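Working notes, beginning with the structure itself.
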Amino acid sequence: MCTWNKNNRACTTTWTTLRVLDQNMKVFNDSGEVKMSNLTFWNPTASSEMRKFQATSLANQIDNVFILIRKAKYENNVTKEKAITDITNTFINENKTICDLAEVIDSDYLFWGEEQ
C-alpha cells in the first residue's frame with residue numbers, strides 16, 4: 001500500500017513537478033490516488049509505442065527537473081537510464097497512481113536533506 005504524505009520529500013517533489021509540467025492540477029491531498037491514465041500526457045487513443053515514447057519524454061523532463069533544478073542525486077547503483085526506465089514503466093501502467101510514481105522516484109533519487 002502506497003503512503004501519500006506531505007512530509008515525504010519524494011511525494012511533494014513528484015507532486016510539484018507534475019504540476020509544473022501541467023500533468024496534474026489537483027491539490028496535494030487529492031493527488032496521491034490519481035492514476036497515470038488521468039495525467040494530461042495520457043492519450044487513450046495512442047498506440048502503446050506512442051504512449052511509451054511520450055512517457056519516456058516526460059520521464060526525461062522529470063529527471064532534468066530533479067537533477068538540474070532540484071539538485072537531487074541518484075541513489076547508490078541507480079543511473080540516469082535506470083531512473084528514466086523506472087519512471088517510464090510507471091507512466092505506461094494506466095492503473096498506477098501518482099503515489100506509486102512517488103515510491104519509484106523515492107527509490108531512485110535522493111532529494112535535498114535526504115541521506116543515503
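Values in this text are rule-based calculations from the coordinates and carry no lab data. The structure presented is a predicted model; accordingly, all values stated were derived computationally and were not measured. Don't worry about glycine lacking a Cβ; one is built from the backbone with ideal geometry, like all the others, and counts go over all protein chains shown.
Under unit Cβ charges (Lys, Arg +1; Asp, Glu -1), what dipole magnitude, rounded to 20 debye, does the chain have relative to its Cα centre?
260 debye
With θ set to phi - 60°, apply the Karplus curve 6.51 cos²θ - 1.76 cosθ + 1.60 along region 57-71 and write out the HN-Hα couplings as whole Hz, x wherever there is a Gly or Pro.
4, 5, 4, 5, 4, 5, 4, 4, 4, 4, 7, 7, 9, 7, 6
What's the angle, to the nearest 10 degrees (0 to 90), between helix 98-108's Cα axis and the longest principal axis of the chain?
40 degrees
Determine, for 69, 105, the number of other Cβ atoms within 10 Å of each Cβ, and report the residues in order from fewest to most.
69, 105
So what is the diffusion coefficient of the chain in µm² per second by Stokes-Einstein at 4 °C and 1.567 mPa s, using a Kirkwood Rh over Cα pairs?
Estimated diffusion coefficient is 92 µm²/s.
Could you give each residue of region 77-90 its phi-based ³J(HN,Hα) in whole Hz, using Karplus coefficients 6.51, -1.76, 1.60 with θ = phi - 60°, and x for Gly or Pro?
With the stated coefficients, region 77-90 comes to 6, 10, 10, 4, 4, 5, 4, 5, 4, 4, 5, 4, 4, 6 Hz.
Using a 10 angstrom cutoff on alpha carbons, build the Gaussian network for the chain and name the most mobile of 34, 104, 78.
Looking only at 34, 104, 78, the biggest GNM fluctuation is shown by 78.
Counting only residues 5 or more places away or on other chains, whose amide H sits under 5 Å from the amide H of residue 110 once H atoms are built in the peptide plane?
73, 74, 75
Whats the longest run of the chain with zero trypsin sites (Lys or Arg not before Pro) that are DSSP loop and have at most 12 other Cβ atoms within 10 Å?
Excluding the exposed sites themselves, the longest stretch runs over 7-70.
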